[in-house]
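Notes to accompany the following structure.
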Amino acid sequence: MLKKLYEGLILKFPMFILSVILLIVAALAYQAAKLEVDASAETLLLEDDTDLQFMREVSARYPSGLDMIIVSFAPKSDLLSPESLRSIDEISEKLKKIERVDSVMSILDIPLLENGSSAIKELISGITTLRSPYVNLEKARQELLISPIYSENIVSKDLKTTAIVVMLKPDGVYANLLEKRNQARAKAEQNKTQENEKALNAAIDEFKKYRDELRIRERQTINDIREILSEHKNDGALFLGGVNMIAVDMITFVKSDLVYFGAILFVLLALALWVIFRQIRYVVLPLLICALSIISTAGILGFFGWEVTVISSNFVALQLILTISIVLHLIVRYRELASKYPKVTQKELVLLTVLSKANPSFFAVFTTIIGFLSLMLSNIKPVINLGWMMASGITMSLIIAFAALPVILMLIPKKALYTAFEKEFALSRLCAKIVDKHGFLIISTVVCMIIFTVAGIQKIRVENSFINYFKPSTQIYQGMKNIDQNLGGTTPMDVIVKFNSEEAADGGEDDFEAEFTQDKNDPKYWFTPKVTNTALKVHDYFENSEFVGKVQSFGTLLKVGERLNGGRELDSFELALIYEKLPENYKNMILSPYINIENNELRFTMRLIDSDPNLKRNELIQKANEELKEIITPDIGTYRLSGAMVLYNNMLQSLFKSQILTLGAVALVFFIIFIPLFGSTKASLMAIFSNLVPMGVVFGFMGFAGIPLDMMTITVAAISIGMGVDNTIHYIHRFKEELRFHGGDYTKAMYASHSSAGYAMYYTTISTALGFGVLVFSNFIPTIYFGMLTVAVMIMVFFGAIILLPKLLLIFKPFKV
């Protein structure tokens, strides 16, 4: 049937077929213009994470810090000197004039609670700031140094760095559209009707349209802030931090990676193809087919609305590598046949090439697709989309390669071949000699590799350090590092304590409270001893925890109040007075973010020292969940950890479990596919073994080198096993042909296979190494690790296919002739 298709249509009307291909690609190119980039934090979260829903509920009840940008400033002169304070004031006033800025807070605006009277009533009525005319600077210095509210929060411990907090205007439209989309998605998942699906698509389109408009404004805001900071670069060291800034820069990184990687890889592949073939046609043809495949895939992505994220930003490089692999196997086979049968016509050569490579190429692509589709089990939308994107891309590559390459070859004349590279760099022949003469060395090496793998894998850890995701030269890294080390940490985590209703209302033996009717929503009766004691105990627990930076809570105010009260704890009346009489702007700074009387709960916020190499995030969360049980007993209430720290840890742990379990399932599926493909159970086991052993070495190296599994590197296994078995399929397919040709002589079949399929495997490995090696130029460290590790895996898998697999075939002789 395939032969009839090519003889009767494709090779009979090559110009027509090529025109159709180009028209289809042109139509898809129009859709490719719709391809969008999304580098928001939401793309790294689990779709059905209950902690995500809880965090959204908490954010609705408390002032959120998501719409703020932090400017850290380390002046050249003393922080409280007139020059430094003037610089802070000038920067703040300029920032206030930016359109999207709602307010700016600096050390000039914070209440200095220990600078005036210590009487609570007088303190509330006349709060002093650094702007006050009679402020005592020496008292202010001491308060900033020791205050649990300000030290390592607004100012560093050494009083050399301060934070300028830029609050952006809240965007109710964005929040409403996000909620509308989430509700539509939940409704569509619960009841899959055409009406619900239509409503979901409309909500998504509406949300995306507004989000894209908002991003333009956010990018302009960040640029305006940076311009202001550049005007004051001579005043001291200025760094920028915050979720908005990171999102804006990440989109720039992703877009840059898409263009940069593709351009560099095209140049490198062109050079490699020229070195190997030394003929223009064998440089232009593979690159042309790669370009057609990438444009077509981008068009499909644009048509379906799949957005490129941080995780899928290397899809161009992946697409190029996968396409070049298919094309090189076809070209090497064509050249081999042209050399072997110099007198046959071009049509016969092309037809024989296609027919001989159709079966192994199809199964090679099929197994690669299975590897990518295994990512769909991760429950993380960008990872799922990467699986769909690459499955679609590799399918498109196979179709275009088997359609475009034959018709283009039909339109150009045959030409004498340049084969010097095969003779000068005969790596495959060297490998054949090693297989034939050094069996003991191969088996001994494999045993050592297995031992190394087992020992190394036990040391692998699953971590996601946000600071270490970026190169030290980037502004994201510099800003986060400065805030992490000087201003109390970066990665946020919350603890929400919800009291039992009777506990918060129970005033115990407090005489003041006993005089009034119990009303749990009345501040006079809410600030009970159990509430204040719990606040202090939980606060102290986290404040004394390793790796936890700044802790802010109601307990912070209680400690400051005790200092102001001459060492005596604030009673319920004084706390209620502060709650009711404190000016709203100061209340929003030191009280409202941490208590919610209406919901009967306390909120503890903290930031983790993300740059600490010893921080083990999952262990810290598990330990906190366990040890808090001793503080917050069931008779007091309940507690729950929340925040970005918890969400990203959930994502990573889920991804780790799904991919490790999936790897075994993928290997089993491959084994089942190989049995009918190879016609031998033993050969199928050898094929799997020769891939898993070299792949395991790379993961063992990761364990010994301390390279963590994160959102990018954890996908290496699924992707690599899918791509790695390509060489195995091509080699065994060719080996069986050569075994029949050589009358069952396994050694001759091995040498012949190395001299034919071995070259294609060699060339595709070179192109793969070049392709993934390009990723080291990324600004995103996980992408760099992904590239380096995939290069290592593919090289190891190549040697597994060209040395270990042939040796196993020679030893066990699985095929009968």
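Observations on the structure shown:
- Helix 427-437 axis, angle to the chain major axis (alpha carbon atoms, nearest 10°): 80
- Dimensionless Rg over Rh [the stretch 261-389; C-alpha; Kirkwood]: 1.04
- Ala33-Ile597 pseudo-label distance in nm [points 7 Å out on the Cα-to-Cβ vector]: 5.9
- Cβ-Cβ FRET estimate between Phe16 and Glu90, R0 fixed at 60 Å, reported to 0.05: 0.30
- Value of D in µm² per second that Stokes-Einstein yields for the stretch 261-320, Kirkwood Rh from Cα pairs, at 4 °C (1.567 mPa s): 103
- Accessible area (Å², per residue) of the chain, counting only protein heavy atoms and a probe of 1.4 Å: 42
- Descending by average beta-carbon neighbour count within 10 Å, the peptides 70-78, 166-174 line up as 70-78, 166-174, the highest first.
- Under the criterion of Cα pairs below 8 Å and six or more residues apart, the relative contact order for the chain equals 19 percent.
- Virtual spin-label span in nm between Thr474 and Ala175, 7 Å along Cα→Cβ: 2.9
- Eigen-decomposition of the gyration tensor built on the alpha-carbon atoms of the stretch 51-105 gives equivalent ellipsoid semi-axes of 32, 14, 8 angstrom, largest listed first.
- Difference of contour (0.36 nm per residue) and Cα-Cα distance, Gln346 to Glu627: 93.6 nm
- Given a 1.4 Å probe and the protein chains as shown, Trp388 ends up with an accessible area of around 100 Å².
- The chain: equivalent-ellipsoid semi-axes (sqrt of 5 x gyration tensor eigenvalues, Cα, Å): 62, 28, 24
- Principal axis dimensions, the stretch 365-477 - Cα atoms, whole angstrom, descending: 55, 45, 35
- Estimated inter-spin distance, Leu430 and Leu5, nm [label 7 Å along Cα→Cβ]: 4.0
- Helix 529-543 axis, angle to the chain major axis (alpha carbon atoms, nearest 10°): 40
- Solvent-accessible area of the chain (1.4 angstrom probe, protein heavy atoms only): carbon and sulfur portion equals 60 percent.
- Segment Arg219-Leu145, length gained on full extension (0.36 nm per residue, minus Cα span): 23.1 nm
- When +1 charges are put on Lys and Arg Cβ atoms and -1 charges on Asp and Glu Cβ atoms, the dipole computed for the chain relative to its Cα centre reaches about 5980 debye.
- The protection proxy used here, the mean number of other Cβ atoms lying within 10 Å of each residue, ranks peptides 229-236, 595-602 as follows, highest first: 595-602, 229-236.
- Ordering 721-729, 199-207 by mean Cβ neighbour count within 10 Å, with the highest value first, yields 721-729, 199-207.
- The residue list Thr50, Ser19, Ala752 was ranked by how far each Cα lies along the charge dipole of the chain toward its positive end, using unit charges on Cβ atoms, and Ala752 comes out on top.
- Normalised size of the stretch 172-254, defined as Cα radius of gyration per 2.2 N^0.38 Å with N residues, equals 1.56.
- Here r is the Cβ-Cβ distance between Asn588 and Gln194 and R0 is 45 Å; the resulting FRET efficiency, rounded to 0.05, is 0.45.
- Rounded FRET efficiency, nearest 0.05, which uses the C-beta distance separating Asp78 from Asn136 and R0 of 25 Å: 0.95
- Between Ala358 and Ile412, the contour length at 0.36 nm per residue exceeds the alpha carbon distance by 17.3 nm.
- The angle separating the long axis of helix 681-705 from the principal Cα axis of greatest extent in the chain is about 40 degrees.
The values are calculated or read from the model by the stated rules, or taken from the named source; none is laboratory data. The structure presented is a predicted model; accordingly, all values stated were derived computationally and were not measured. Cβ sites come from the backbone with ideal geometry, for glycine too, and all protein chains shown count toward neighbours. Ligands, DNA and RNA are stripped out before the accessible areas are found, and what is left, the full protein with its side chains, is counted by its heavy atoms. Shrake-Rupley method; radii C 1.70, N 1.55, O 1.52, S 1.80 Å.
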